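The block underneath contains the structure these notes are about, expressed in structure tokens.
The values are calculated or read from the model by the stated rules, or taken from the named source; none is laboratory data. Please read these numbers as outputs of a predicted model, since none were measured by experiment. Here the Cβ positions follow ideal geometry from the backbone for every residue, glycine too, while neighbour counts run over all protein chains shown. The protein model used for the area step is the full one, side chains on, heavy atoms only, and it has no ligands, DNA or RNA in it. Shrake-Rupley method; radii C 1.70, N 1.55, O 1.52, S 1.80 Å.
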Amino acid sequence: MAKSEGKLQKQICKVVLDHFEKQYIKELGDVWTTVREVLSSPQCWQYAVLLNKFNYSSELEKDLHLKGYRRAFQEPLPYLPESLKCYISSTPGRFLAQKHRVGKLKEYYLLNAASLLAVLALEVKDGEKVLDMCAAPGGKSIALLQCACPGLLHCNEYDSLRSRWLQETLESFIPASLMNTITVDELDGRCIGDLHPNAFDKVLLDAPCSNDKSWLFSSDIQQATEMISHRKELSTIQVQLLRSAIKALHPGGSLVYSTCTLSRAENSDTINHILNSSSNIVPEDISEMASAVSWEFTLADGIQKHELLVLPERGKAWGPMYMAKLKKALSKEN
């Protein structure tokens, strides 16, 4: 409990908050006031509990019910495998985390429930070849494997430290018998398309972004100032990663792009740039899914049918999370 209380005492970085104030009041209007209140108050943040089907515990499920947790995604969704079991509570706080133990699978994974929307939008089916392009720390890879059994799940993470974190996560949740269907690489994601052209049925690009929650509590003011000054470069990198992801995608395949920032430049603007400059990419309508989850999450208005933006608010402190779904057109030969 002491560790949890320590996290709640983190100090807001004024340099970052001032930067957000200028940008997000323009982009979100009055909504920013509500979002800012939640982002700057860790004591009201919520965490979901994703059960591990490979080490299922009925006692854990009973315990979650007793603690006031309920099953997420209860409305009919276009894609919601029964094997994906996620529990949420409207009460702020974090369920006790499990430590990594060699040879022992964990029973659950703690995450922001909004991050599962990207996984559900991807609609992975058994036997498909799937690329998780920027996979660390591994939560979305774990969620993908709760939904289906891909013929191949290629998890990539360029940063070596984060890659080791990813490897440990996979070992903590996936039985050894299934590890032969999973590969882990440390490639620069911008090169994957050239190395593996037309190789994957589905691609998940959870792109490096400005990560509003994390940035807001930066402890090093100089580092925070440098991050802000380089923020514009992120959208360039994101476009490069998207182009690589598109190359890696098989014609007819789908791609989901996601970030954990509110920044329009890193979200809608990046996707629009790709749509306006790529002849073989079309937007995929996810409005049915958005409508089904709108009672569970607060979604931004003025969003196109191929995208959604989750806004944190009290009692629904999920996000921020943006996602968009794209499809690679079939080649003329097909």
* Asked: Could you count how many residues in region 39-76 are open to solvent by less than 80 Å² (accessible area, probe 1.4 Å), within 22 Å of the chain's Cα centre (by Cα) and over 21 Å from residue 228 (Cα atoms)?
  -> 17
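Looking only at region 94-123, count how many residues are closer than 15 Å to residue 206 by Cα and surrounded by fewer than 18 Cβ atoms within 10 Å (Cβ to Cβ).
So the first thing to find is which residues in region 94-123 are closer than 15 Å to residue 206 by Cα, and the list is 111-122.
Remaining after also requiring surrounded by fewer than 18 Cβ atoms within 10 Å (Cβ to Cβ): none.
Total satisfying the criteria: 0.
Determine if region 280-288 includes at least one residue that is in contact (Cβ under 8 Å) with a residue 12 or more places away in the chain and either under 26 Å from residue 17 (Cα atoms) or among the basic types (Lys, Arg) (or both). Even if it seems obvious, please write down each step before you answer.
Taking region 280-288 and keeping what is in contact (Cβ under 8 Å) with a residue 12 or more places away in the chain, we get 280-288.
With either under 26 Å from residue 17 (Cα atoms) or among the basic types (Lys, Arg) (or both) added as a condition, the list becomes none.
Scanning region 280-288, I find no residue that is in contact (Cβ under 8 Å) with a residue 12 or more places away in the chain and either under 26 Å from residue 17 (Cα atoms) or among the basic types (Lys, Arg) (or both), so the answer is no.
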* Asked: Considering region 297-313 alone, what residues qualify as being touching a residue at least 40 places away in the same chain (Cβ under 8 Å) and not acidic (Asp, Glu)?
  -> 297, 300, 308, 309, 310, 311, 312
* Which condition does residue 259 not pass, out of (1) in contact with a Phe, Trp or Tyr (Cβ under 6 Å, 6 or more places away or on another chain); (2) over 18 Å from residue 119 (Cβ atoms), if it passes all the others? -> (2)
* Structure fact -> The one condition residue 29 fails out of (1) in contact (Cβ under 8 Å) with a residue 12 or more places away in the chain; (2) out of contact with any Asp or Glu (no Cβ under 7 Å at 6 or more places or on another chain) is (1)
* Asked: Looking only at region 312-333, which residues are more than 14 Å from the chain's Cα centre (by Cα), farther than 19 Å from residue 272 by Cα and of a type outside the set (D, E, K, R)?
  -> 312, 315, 317, 330, 331
* Search region 126-142 for residues being without any contact (Cβ under 8 Å) to a residue 40 or more places away in the chain and touching a Pro at 6+ places or on another chain (Cβ under 8 Å), and hand back the single one that is surrounded by the most Cβ atoms within 10 Å (Cβ to Cβ). => 127
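In region 175-190, how many residues are open to solvent by less than 60 Å² (accessible area, probe 1.4 Å) and either more than 26 Å from residue 107 (Cα to Cα) or at pLDDT below 95 (or both)? Explain how you work it out, then say what you get.
So in region 175-190, the residues open to solvent by less than 60 Å² (accessible area, probe 1.4 Å) come out as 175, 178-179, 181-185, 187-189.
Remaining after also requiring either more than 26 Å from residue 107 (Cα to Cα) or at pLDDT below 95 (or both): 178-179, 187-189.
The total comes to 5.
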* Asked: Counting only residues that are aromatic (Phe, Trp, Tyr) and part of a strand (DSSP E or B), how many does region 179-221 have?
  -> 1
* **Qualifying positions in region 143-172 - in a loop (DSSP other than H, G, I, E, B) and open to solvent by less than 40 Å² (accessible area, probe 1.4 Å)** => 148, 150, 157
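Quick check on residue 136: is it at pLDDT 95 or above, in a helix (DSSP H, G or I) and small (Gly, Ala, Ser)? Break it down stepwise before answering.
Values: at pLDDT 95 or above: yes; in a helix (DSSP H, G or I): no; small (Gly, Ala, Ser): yes.
Spelling it out, it is not the case that residue 136 is at pLDDT 95 or above, in a helix (DSSP H, G or I) and small (Gly, Ala, Ser).
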* Asked: Could you list, in sequence order, the residues of region 89-115 that are out of contact with any Gly (no Cβ under 6 Å at 6 or more places or on another chain) and aliphatic (A, V, I, L, M)?
  -> 96, 97, 102, 105, 110, 113
